[in-house]
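Below is one structure, written out as C-alpha cells; the observations come after it.
The values are calculated or read from the model by the stated rules, or taken from the named source; none is laboratory data. Remember, it's a predicted structure, so these values are computed and weren't measured experimentally. We place every Cβ from the backbone using ideal geometry, glycine too, and count neighbours over all the protein chains shown.
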Amino acid sequence: MKLAFIRPSSATLIMATTLQFVCCVSFADTLYINGHIRLVDQENQIVEALYESRGKIQFVGQAQQAKRLISEQTLIIDLDGKTVIPGFIESHGHLMSLGLSQLNLDLSTVENYDALIQRVALAVDAAKPGEWILGRGWHQSKWQPKPVDSIDGFQTHARLSEVSPHNPVYLVHASGHAGFANAKAMEIAGITLNTLVAGDGEIIRDDKGAATGIFNERAQALIRSVIPPTSKQQQLRALQLALAVLAENGVTSFQDAGVNQQTIDLYQQFEAEKKLTSRLWVMLSGAEKPLLERWFESGPQVGDYLTVQAVKLVADGALGSRGAWLLEPYTDRPETNGLPTMPIDYMSDVSHQAYRRGFQVGIHAIGDLANRAVLDIYDDLFDGKDRGVRFRIEHAQHISAVDIPRFGQLGVIASVQGIHMSSDRPWAIDRLGRARIDEGAYVWRKLLETNAILINGTDVPVEPINPFASYYALVSRRTLKGEPAGGFEPAQKLSRLQALQAYTIGPAYGAFEEHLKGSLEVGKWADFIVLSQDLMQVEEDDILNIQVLRTVVGGKEVYNVAGGM
Ligand SMILES: [Zn+2]
C-alpha cells in the first residue's frame with residue numbers, strides 16, 4: 001500500500017489507499033504525520049505522529065508505529081514538520097461579550113479621545129435616527145495625548161454629545177467596570193443633578209455637579225437599564241461570530257466567567273445543534289440568586305461540549321478605575337482604597353452552598369484586600385474539610401506578601417491574565433507605587449513557588465483573545481511594543497514551558513478536566529492546533545507573529561488558515 005500525504009496548504013482530500021475510492025469512504029480516523037508534536041505531558045515529549053479516532057487520541061508516537069493503525073478509513077495528513085500543541089484553553093473570558101463586541105464598536109485599539117470621537121462619528125453616520133450606538137474597549141490610561149478636560153482622570157462627554165446629538169451613545173470601559181454616556185443617553189436615563197446611585201458605584205460629576213458621562217461600577221445600571229435588549233437573532237449571530245474568533249485563534253476550550261440563564265439557553269441550543277466548535281465550561285453569574293437556586297437544586301451539568309459547574313462572584317472592581325479594593329490607599333488618589341463589590345457574607349454563603357452542591361467557585365479579586373477577603377472565605381470553608389475542590393481566584397492580580405503562600409496551602413487556583421500585566425503595568429505603578437508592585441503585583445513565579453496552580457487567559461473582551469500576546473506577556477513581561485527590554489520585574493517571568501502549561505493542562509486542571517484535555521495523550525480529546533512556528537523555540541519577539549494554521553476540536557477541523565475543509 002502506497003501512502004498519499006496531504007500538504008497542510010491543500011484542501012484536497014486523498015485517501016490512504018487509492019484515489020478512485022475517495023467518493024465513497026467517510027474517513028473515520030485521521031493520522032497526522034511528520035509533525036513536531038508537543039504533547040505537554042509529564043515528560044514534555046515531542047513525537048511525529050498522532051492518530052485520532054472518534055474524536056479521541058488513539059496513539060501518539062513515532063510514524064513507523066502509527067502506520068500499523070492505518071485502515072481504508074484513515075485520512076492521512078502530512079504536517080510538513082509544523083509544530084502541534086494542545087489547543088489553548090482560555091481560562092477566563094466572556095464569550096457573549098466577545099460576540100456582541102463583534103457586532104458593536106470595538107474601541108480597544110483607539111489611541112486617544114480624538115480617535116474615539118472619529119469612530120463614533122462614523123457610527124452616527126451609519127445609524128438610523130435615535131438608534132443606540134454601543135461600543136466597548138476604550139481605556140483612558142492608555143491614551144496619548146490625554147484628553148484636555150479630564151475630571152477624576154476620565155474624559156468628559158461634551159465632544160461625544162456634540163458628535164452625536166440625537167443618537168444615544170454608551171461606551172463600556174475596557175475593564176467593564178465603567179461606562180461613558182453622551183447627553184442623549186443620559187437624558188433618556190433621566191440623569192439629573194440629583195440622581196443617586198443605589199449600592200456601590202459613582203456618577204462622576206464636575207464642579208457644578210453635572211454628570212461628566214462616566215458611570216462607575218453599579219452606576220452603570222442607570223444607563224444600561226434603558227438600552228433596548230439585544231434580539232435573539234443578534235445573540236445567535238454574536239455567538240456564531242465569537243466561536244469563529246475562538247477557532248481562528250486556536251482556542252479549543254473556553255472558560256466563561258459568569259453567565260445568566262439566557263446565555264446558557266443559547267449555549268444549549270448550539271450544543272444540541274452541534275454548532276459548538278469550542279468546548280465551553282461555564283460559571284454561573286453569582287449576582288443572580290434565582291439562577292443559583294435553580295442550579296444548586298439541579299446540580300452541575302457536565303457534557304463533552306458544554307459544562308456548567310462553577311459560580312462566579314466578584315469581590316472588587318478594577319485597578320484602572322480605582323475600584324480594586326486595597327489594604328492601603330491608592331498612591332495616586334490617597335482618599336480612596338477602592339471598594340468591595342459584593343458583601344463578604346453573601347460571597348461566603350454562596351461559596352458554602354456551591355461547595356455542598358458540587359460546584360466550583362471563582363471569585364474576581366484584583367486588590368490585595370479583595371484577595372485576602374476571598375482567601376479568608378475559602379480558608380474558613382475548607383477548615384478541616386476536603387481542599388481538593390479547586391476553588392479559584394480570578395485575576396489574583398495584587399496580593400499582600402503574607403497572603404501569597406496561602407494559594408499553595410489552600411489549593412486555590414490563581415486564574416491570571418498575562419496580557420493584563422503587559423497592558424496595565426506601565427500605569428499600575430501610579431496606582432500602587434513601587435513597593436506594592438514589587439511585593440505582590442502580577443507575581444506569577446512567587447505563586448508557582450507556593451505550589452499553586454497558575455492558569456492563564458485574557459479576560460476577553462477586556463483584552464483581545466489572541467493567545468500569543470498573552471503567552472508572550474507571561475514569558476517576556478513586556479508590553480506588546482516590547483518595553484522595557486528586560487521586562488517588568490523580570491524575576492517573575494515564566495519559562496516557556498510553564499507558560500504553555502498555564503494555557504493548556506493548567507486550565508484543564510482548573511476545571512476538573514485534566515483527564516480529557518490539556519495535553520495530547522491517548523484517551524483524551526483530539527483538541528489541538530497546528531502553528532506556523534514553534535512557540536517554545538522562536539525568538540521572543542517572534543512569538544507575536546505566530547499564526548494558527550489549523551484548529552482541530554474532537555478530531556474535526558474547525559479552522560484552516562488556507563480556508564480548506
Ligand atoms: Zn472577567
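Quick look at the numbers
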item: Residue in segment 64-98 that is nearest to residue 51 (Cα to Cα), counting only those that are under 14 Å from the mean Cα position of the chain (by Cα) and at pLDDT below 95; result: 98
item: Test for residue 370: is it within 16 Å of the ligand (Cβ to nearest atom), of a type in the set (Gly, Ala, Ser) and within 26 Å of residue 514 (Cβ to Cβ); result: no
item: Segment 151-168: number of residues that are among the polar types (S, T, N, Q) and either outside any loop (DSSP other than H, G, I, E, B) or more than 15 Å from residue 139 (Cα to Cα) (or both); result: 3
item: Any strands (runs of 3 or more DSSP E) falling wholly within segment 70-150 and containing at least 3 residues that are out of contact with any Phe, Trp or Tyr (no Cβ under 7 Å at 6 or more places or on another chain); result: 133-138
item: Top-ranked residue of segment 136-182 - restricted to ones that are over 24 Å from residue 126 (Cα atoms) and of a type in the set (A, V, I, L, M, F, W, C), ranked as farthest from the ligand (Cβ to nearest atom); result: 148
item: Residue in segment 234-257 that is free of Cβ contacts under 8 Å to residues at least 12 places away in the same chain, more than 16 Å from the ligand (Cβ to nearest atom), more than 20 Å from the chain's Cα centre (by Cα) and more than 27 Å from residue 548 (Cβ to Cβ) present; result: no
item: Output for segment 360-396, where each listed residue is of a type outside the set (A, V, I, L, M, F, W, C) and in contact with a strand residue (DSSP E or B) (Cβ under 7 Å, 6 or more places away or on another chain); result: 360, 362, 364, 367, 368, 371, 390, 392, 394, 395
item: Verdict on residue 400 being surrounded by fewer than 22 Cβ atoms within 10 Å (Cβ to Cβ) and touching an Asp or Glu at 6+ places or on another chain (Cβ under 6 Å); result: yes
item: Residue that is in contact with a strand residue (DSSP E or B) (Cβ under 8 Å, 6 or more places away or on another chain), of a type in the set (D, E, K, R) and under 21 Å from residue 156 (Cβ atoms), where the choices are 217, 248; result: 217
item: Residue list for segment 228-251, filter: outside any helix (DSSP H, G or I) and touching a helix residue (DSSP H, G or I) at 6+ places or on another chain (Cβ under 8 Å); result: 230, 249, 250, 251
item: Qualifying positions in segment 45-84 - within 16 Å of residue 550 (Cβ to Cβ), β-branched (Val, Ile, Thr) and touching a Gly at 6+ places or on another chain (Cβ under 8 Å); result: 57, 83, 84
item: Residue in segment 340-353 that is closer than 25 Å to residue 457 by Cβ, of a type in the set (S, T, N, Q), away from the ligand (no atom under 16 Å from the Cβ) and buried (at least 18 other Cβ atoms within 10 Å of the Cβ) present; result: yes
item: Restricting segment 50-69 to residues that are assigned to a loop (DSSP other than H, G, I, E, B) and in contact (Cβ under 8 Å) with a residue 60 or more places away in the chain, the residue that is farthest from residue 556 (Cα to Cα); result: 54
item: Boolean, residue 387 is at pLDDT 95 or above and of a type outside the set (Asp, Glu); result: no
item: Filtered residues of segment 434-473 (kept if under 21 Å from residue 543 (Cα atoms) and polar (S, T, N, Q)); result: 456, 458, 466, 470
item: Segment 448-462, residues that are crowded, with 24+ Cβ neighbours inside 10 Å and either out of contact with any His (no Cβ under 9 Å at 6 or more places or on another chain) or assigned to a loop (DSSP other than H, G, I, E, B) (or both); result: 454, 457, 458, 459, 460, 461, 462
item: Any hit, segment 87-99, residues being away from the ligand (no atom under 16 Å from the Cβ), buried (at least 19 other Cβ atoms within 10 Å of the Cβ) and more than 18 Å from residue 247 (Cβ to Cβ); result: no
item: Within segment 354-388, considering residues that are of a type in the set (Val, Ile, Thr) and in a helix (DSSP H, G or I), the one surrounded by the most Cβ atoms within 10 Å (Cβ to Cβ); result: 374
item: Pairs, first β-branched (Val, Ile, Thr) in segment 161-189, second modelled with pLDDT of 95 or more and within 16 Å of the ligand (Cβ to nearest atom), C-beta under 6 Å, six or more apart; result: 172/179
item: Residue in segment 452-470 that is more than 14 Å from the ligand (Cβ to nearest atom) and more than 22 Å from the chain's Cα centre (by Cα) present; result: no
item: Scope segment 405-427; condition away from the ligand (no atom under 16 Å from the Cβ) and surrounded by 23 or more Cβ atoms within 10 Å (Cβ to Cβ); matching residues; result: 407, 412, 422
item: Top-ranked residue of segment 498-528 - restricted to ones that are outside any loop (DSSP other than H, G, I, E, B) and in contact with a Lys or Arg (Cβ under 6 Å, 6 or more places away or on another chain), ranked as nearest to residue 278 (Cα to Cα); result: 525
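For every residue, the table says whether it meets (1) more than 15 Å from residue 94 (Cβ to Cβ); (2) of a type outside the set (Phe, Trp, Tyr); (3) surrounded by fewer than 16 Cβ atoms within 10 Å (Cβ to Cβ).
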site: 255; (1), (2), (3): no, yes, no
site: 267; (1), (2), (3): no, no, no
site: 287; (1), (2), (3): no, yes, no
site: 292; (1), (2), (3): yes, yes, no
site: 295; (1), (2), (3): yes, no, no
site: 298; (1), (2), (3): yes, yes, yes
site: 305; (1), (2), (3): yes, no, no
